[in-house]
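These notes are about the structure you will find just below.
The values are calculated or read from the model by the stated rules, or taken from the named source; none is laboratory data. Computed from a predicted structure; not experimentally measured. Cβ sites come from the backbone with ideal geometry, for glycine too, and all protein chains shown count toward neighbours.
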Amino acid sequence: MIDSNANILLIYTGGTIGMIENPVTFALESFDFVHLKNHFPEIDKFNFNVDSIVFEPPIDSSGISPDHWQRLLKMIEDNYDQYDGFVILHGTDTMAFTASALSFMIENLTKPIVLTGAQLPIGKLRTDAKENLITAIEIAADKDNIGQPIVPEVCIFFQNYLLRGNRTVKVNADNFSAFKSFNYPYLAKSGIQIRYERSAILQPNFDKKPRFHYLVDTNIIILKLFPGITPAVVEAILGAPGIKAVILETFGSGNAPKLEWFIDLIRNAVKKGIIIVNVTQCAVGCVEMQRYETGNELLKAGVIGGFDMTLEATLAKLMYLIGHKYEVSEIKVRMRVPLVGELTRPEDRENEKLYF
Ligand code: ASP
């Protein structure tokens, strides 16, 4: 139910949605918000208020950084009380990273923050921008029959599906259907109506104010395993100066080669206080290191399991936890429990029919 007093804030950061073609190179380039608005007269047709603010200059999201997340967070915090919901227009390339980061940076979020964008610029005839943007705005304004927002989460709306931000990955560089949430049900599906999966949506404490957390630490590295990886490569990555955490992208349910040099390097890094989190290279499923002997070796070396977290969520969670200077032992505990619905332990998986 959308009430006509709703106030929505649209934050334009850039991305394909607002880009135009360079007449010489034909490459898509970021363009200003006036251009986007000119192609979106529908913005004045909502029966509620939609205001907008702009990132200057708008950027291609491949250039997004934690500084931008902090700027976005400040925009949301400064406007939190005046608006019922927020829509962030963002490039698709790193949308899942930004959504993941914001989900950790806002504790007890009580209003919707919906990220969306497009695969084709809004000026193109076949654009997917309008449908994405209009529905994202409606979702941000939607309330239940006691006046509470239906989706008080950081989420991504794209091509008919509303997905939890910290569960989402970009899977397609060509199709309109660019995002998937492999390990968690969708939060809503839009057709003639928007159908919400209420049991899948987080419920905050509406009586408590949210808290905004700005600190992030970027001393994190990703080590992706591949057959033939050499000691020199692993040593160089684990020995990178200043590194505080490593995301180890393993095979299957969390397996790594059972090589003595490899396990020794991992064990030594853990002993030095580096946090090593095991996530799987598979899109679907969960890390369970005890399932195979190879994974078990990692467990014994002090690696912690990331369960079914996406790489994007794991990175954002580590940046947030390390940024807030928790003890290493405390971070290891927090990495294994869901803070904002970013992971599910295997025994808690249900509703599989809604996964795709
Ligand atoms: N490169 C663009 C960006 O992420 C792609 C997009 O928006 O779809 O900003």
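Residue count for segment 14-63, restricted to those that are touching a Phe, Trp or Tyr at 6+ places or on another chain (Cβ under 8 Å) and either under 30 Å from Ser4 (Cβ atoms) or not small (Gly, Ala, Ser) (or both): 11. Within segment 1-24, if we keep just the residues that are buried (at least 21 other Cβ atoms within 10 Å of the Cβ) and small (Gly, Ala, Ser), the residue that is nearest to Asp78 (Cα to Cα) turns out to be Ala6.
For residues that are farther than 16 Å from Leu133 by Cβ and within 16 Å of the ligand (Cβ to nearest atom), scanning just segment 25-54, find the one that is surrounded by the most Cβ atoms within 10 Å (Cβ to Cβ). Residue satisfying both the conditions and the ranking: Ser30. Just one of the listed residues (His68, His39) is over 19 Å from Leu120 (Cα atoms) and touching a residue at least 12 places away in the same chain (Cβ under 8 Å), namely His68. Phe262 meets all of the listed conditions (1) more than 23 Å from Val169 (Cβ to Cβ); (2) in contact (Cβ under 8 Å) with a residue 40 or more places away in the chain; (3) in contact with a Pro (Cβ under 8 Å, 6 or more places away or on another chain) but one, namely (2).
Among the residues of this structure, His68 does not count as one that is modelled with pLDDT under 95 and either of a type in the set (D, E, K, R) or surrounded by 12 or more Cβ atoms within 10 Å (Cβ to Cβ) (or both). The set of residues in segment 85-104 that are under 24 Å from Leu321 (Cβ atoms) and either within 16 Å of the ligand (Cβ to nearest atom) or in contact with a Gly (Cβ under 9 Å, 6 or more places away or on another chain) (or both) comprises Ile88, His90, Thr94, Met95, Ala96, Phe97, Thr98, Ala99, Ser100, Ala101, Leu102, Ser103. Can Val270 be described as of a type in the set (Val, Ile, Thr), in contact with a Leu (Cβ under 8 Å, 6 or more places away or on another chain) and at pLDDT 95 or above? Taking the combined requirement at face value, the residue does not satisfy it. Any residue in segment 175-186 that is touching a helix residue (DSSP H, G or I) at 6+ places or on another chain (Cβ under 7 Å) and charged (D, E, K, R)? Within segment 175-186, not a single residue is touching a helix residue (DSSP H, G or I) at 6+ places or on another chain (Cβ under 7 Å) and charged (D, E, K, R). For segment 117-158, the candidate set comprises residues that are outside any helix (DSSP H, G or I), small (Gly, Ala, Ser) and surrounded by 23 or more Cβ atoms within 10 Å (Cβ to Cβ); within that set, the residue that is farthest from the ligand (Cβ to nearest atom) is Ala118.
Of all residues in segment 273-294, at least one satisfies being exposed (fewer than 15 other Cβ atoms within 10 Å of the Cβ), of a type outside the set (S, T, N, Q) and within 24 Å of His324 (Cα to Cα). Looking at Asp207, Asp174, just one residue is out of contact with any strand residue (DSSP E or B) (no Cβ under 9 Å at 6 or more places or on another chain), within 16 Å of the ligand (Cβ to nearest atom) and farther than 30 Å from Ala256 by Cα, and that residue is Asp174.
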